[in-house]
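This report refers to the structure that appears directly beneath it.
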There are 2 protein chains.
Amino acid sequence: MPEWRKDPVVDRWVIIATERAKRPVDFRCPPDELHPGNCPLCVGNEDKTPPEILAFREAESPANRPGWWVRVVPNKFPAVRADERYYSWRDGVYEAMNGIGVHEVIVESTDHEPDLINQTDYQVEEVLWAWRARSLDLRADTRLKYIQIFKNKGRTGGASLEHTHSQLVGIPMVPVDVSQELAGFHEYRRNRGTCVFCDMVQQEIARQERVVMENDRFVCLSPYAARFPFEMWIVPKHHQPDFGQIGEEDVRELAPILRGALGKLDGTVCQPPYNMVLHTAPINVGGEIFYHWHFEILPRLTILAGYELGTGYFINPTPPELAAEALRETAVPAPHQIPTTFKEEVLRYV
Amino acid sequence: MPEWRKDPVVDRWVIIATERAKRPVDFRCPPDELHPGNCPLCVGNEDKTPPEILAFREAESPANRPGWWVRVVPNKFPAVRADERYYSWRDGVYEAMNGIGVHEVIVESTDHEPDLINQTDYQVEEVLWAWRARSLDLRADTRLKYIQIFKNKGRTGGASLEHTHSQLVGIPMVPVDVSQELAGFHEYRRNRGTCVFCDMVQQEIARQERVVMENDRFVCLSPYAARFPFEMWIVPKHHQPDFGQIGEEDVRELAPILRGALGKLDGTVCQPPYNMVLHTAPINVGGEIFYHWHFEILPRLTILAGYELGTGYFINPTPPELAAEALRETAVPAPHQIPTTFKEEVLRYV
């Protein structure tokens, strides 16, 4: 049974994932190569995944069969499990609880495409709706305090499957990084009475030095204290704490910015591995939450080594102003996936 | 000029290293391979590094010539620079200061060896003395608040040179991860009146479940909430806040534990990349510091991806009890470097 374990000193919880325990011998050979053939995420291979939790699919098409365009399934090798009663224990200086949580995979295309950038804006909108639907649905489980949605691309980015997909992990505590951010938002408001992200967006748009692209509702910028070369944040221009609050207008404007940012990254640095991470308000914690949700796109061109792991600080060799300039100048490639007609008659889940 | 930049929300400082600024084109090709020939750290190539800051060398041998067995030089491509007056500035929501700091390389062998494990315990002792000497010397610069000593091994571990070496970065703030640890130590003492690491060491030694090896003064254990497979911590059994406080007895007992831990790792998982990080008390900050220094050895067999970068939490597929068992059972290889006689007539720096 997997366990959450808390470091005895700092508020850092680790999943000890016993159910996929790796022994010394597992590390002797390099792990399996990605397998584009026989891919469990491709259309037609629905029986290679656990049964679907959600799918946007043609009206009256049966579950776990073709006819879908976005599909959400449980992770076949979950780090955490939902089907447990919560309990925790102490052991001398240590503290632990059982490994409750959820771990899902969002399949973002029927085709064996390596990234979202070849999808239409419409398809990206559908992925956003799927993320929102799962985020809203899962908060009914009041044990969960945070929904982490993220996307790993490339081997160095931690992807074990090539087919474009994202992941969702729902966990029973507010992560240490999110707690720190919340504290920062609250302190800024105490000092200046406003939202630090609202102020930042205003300042960045006025200067245009680190802005990569923008539309009425969203701005994509390379952040002032970027940790990674070509790091980008996608931030709503209006104050919105929780990703789950996005509406139709938001989705329509967010999709081209998200596809655009990833496309610009791909063209600027030649298809780098990256992680994309949603930062949003915790759930089921009560009280007022002062936050401003956003996406962070973290290209993995540098290696996190002893300095970063010891300090929590980073060394970034590419000033974000230079990164933003290069990204601005790169054209967004046109999608090569043509929307199929059945998508017009969607049975929209939300 | 390099800059420290603070994230507007959390207490996370990033070095924007303009002097080695990487442009998009720098990422198009894979970086240079390690070069065992023509290595700037090998004996005889002293002119390929900046002039030495410290060397343990034969009496009357001239600086920057052979005759040394441990040598400390400035990093040729420093992320930060010492020769600046300190100044800071604000820019709207942002805060920055100039990139002051020091960045040094400790050459741990005259020979082109890939790790410390082939050195004698005596040579490892000398490396420990060099770390201590630099740590003590640098605190004369009262701008520096933390000395981060670390070692990267292997490409995936972030090493750009194969020849065994460690690095030291002195920075003008207490890193966010160290601040969190300090807060944890202080809170534990407030609640229980003791040191959490002293209590942890006692509990681990009584149980022997996660202990890898130990002697009178040090214990090497796989920590309860290990973030990485085969993670090990080397902890003094006696309470000691600051690595700079180690004396002759400590050094003599630490060297075989350090060499032993790295040797066991090497034999258990077949020469994995790793990072080793010294955690020690901040310097020049005033007030009482309640801390317990230790080394963390972090094998890089897993990939830090979206989940880890979004939450600050980790997924570890190898329970530390299993790791400790495998490490205990692996013999420490004998060193193949024989101490040369000139080492007996050392001009000890400290």
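Looking at segment A:93-106, can you tell me whether even one residue there is hydroxyl-bearing (Ser, Thr, Tyr), touching a residue at least 24 places away in the same chain (Cβ under 8 Å) and either closer than 30 Å to B:ILE205 by Cα or part of a loop (DSSP other than H, G, I, E, B) (or both)? Yes, segment A:93-106 has at least one match. Each residue in segment A:166-178 was checked for being more than 9 Å from chain B (Cβ to nearest Cβ) and in a helix (DSSP H, G or I), and 0 of them qualify.
Residues are listed down the side, and each one gets a yes or a no for (1) in contact with a Phe, Trp or Tyr (Cβ under 8 Å, 6 or more places away or on another chain); (2) modelled with pLDDT under 95:
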residue	(1), (2)
A:LEU116	no, yes
A:LEU138	no, no
A:GLN148	yes, no
A:GLY154	yes, yes
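Taking each residue of segment B:133-161 that is at positive phi and looking for partners that are part of a loop (DSSP other than H, G, I, E, B) and of a type in the set (Ser, Thr, Tyr) with beta-carbon atoms closer than 9 Å, six or more apart or interchain, yields B:GLY158/A:THR302. Inside segment A:260-318, can you point out the residues that are part of a strand (DSSP E or B), facing another protein chain (nearest Cβ under 8 Å) and not aliphatic (A, V, I, L, M)? Correct list: A:ASN275, A:HIS279, A:GLU296, A:PHE314, A:ASN316. Taking the condition of a type in the set (A, V, I, L, M, F, W, C), modelled with pLDDT of 90 or more, under 22 Å from B:MET276 (Cβ atoms) and part of a loop (DSSP other than H, G, I, E, B), does B:LEU34 pass? For B:LEU34, the condition - of a type in the set (A, V, I, L, M, F, W, C), modelled with pLDDT of 90 or more, under 22 Å from B:MET276 (Cβ atoms) and part of a loop (DSSP other than H, G, I, E, B) - is not met. Each residue in segment B:45-92 was checked for being assigned to a strand (DSSP E or B) and within 22 Å of the chain's Cα centre (by Cα), and 11 of them qualify. Scanning segment B:182-192 for residues that are more than 10 Å from chain A (Cβ to nearest Cβ) and in contact with a His (Cβ under 9 Å, 6 or more places away or on another chain) turns up nothing. Picking from A:ASP250, A:ASP199, A:ASP242, A:ASP216, which residue would you name as being among the acidic types (Asp, Glu) and without any contact (Cβ under 8 Å) to a residue 12 or more places away in the chain? On inspection, the qualifying residue turns out to be A:ASP199. Looking across segment B:114-172, just one residue is more than 16 Å from the chain's Cα centre (by Cα) and aromatic (Phe, Trp, Tyr), and that is B:TYR122.
Taking residues in segment B:299-313 that are within 13 Å of A:ILE171 (Cβ to Cβ) and in contact (Cβ under 8 Å) with a residue 60 or more places away in the chain, and partners anywhere that are part of a strand (DSSP E or B) and among the hydrophobic types (A, V, I, L, M, F, W, C), not one pair has Cβ atoms closer than 8 Å while being at least 6 places apart or on different chains. Restricting attention to segment A:193-221, and to residues there that are more than 9 Å from chain B (Cβ to nearest Cβ) and of a type in the set (Lys, Arg), which single residue is surrounded by the fewest Cβ atoms within 10 Å (Cβ to Cβ)? Here the residue is A:ARG217.
Scanning segment A:241-268 for residues that are among the β-branched types (Val, Ile, Thr) and over 14 Å from A:PRO333 (Cβ atoms) returns A:ILE246, A:VAL251, A:ILE257. Please determine whether any residue of segment B:125-140 is in a loop (DSSP other than H, G, I, E, B) and under 26 Å from B:PRO282 (Cβ atoms). Yes: one or more hits. Taking the criterion of being more than 19 Å from A:LEU161 (Cα to Cα) and touching a helix residue (DSSP H, G or I) at 6+ places or on another chain (Cβ under 9 Å), the residues of segment A:268-287 that qualify are A:THR268, A:VAL269, A:CYS270, A:LEU278, A:HIS279, A:THR280, A:ALA281, A:PRO282, A:ILE283. Note on segment B:223-245: residues that are small (Gly, Ala, Ser) and either modelled with pLDDT under 95 or touching a Gly at 6+ places or on another chain (Cβ under 9 Å) (or both) total 2. Every listed requirement among (1) more than 30 Å from B:VAL174 (Cβ to Cβ); (2) in a strand (DSSP E or B) is met by A:ALA324 save one, (2).
Of the conditions (1) within 16 Å of B:TRP293 (Cα to Cα); (2) crowded, with 23+ Cβ neighbours inside 10 Å, B:VAL127 satisfies every one except a single condition; which number is it? Single failed check for B:VAL127: (1).
The residues of segment B:138-160 that are within 18 Å of B:ILE100 (Cα to Cα), touching a strand residue (DSSP E or B) at 6+ places or on another chain (Cβ under 8 Å) and more than 8 Å from every other protein chain (Cβ to nearest Cβ), listed by number, are B:LEU138, B:ARG139, B:ASP141, B:ARG143, B:LEU144, B:LYS145, B:ILE147, B:ILE149.
The values are calculated or read from the model by the stated rules, or taken from the named source; none is laboratory data. Keep in mind that this is a model prediction, so the values were computed, not measured. Glycine gets a Cβ as well: all are built from the backbone with ideal geometry, and neighbour counts include every protein chain shown.
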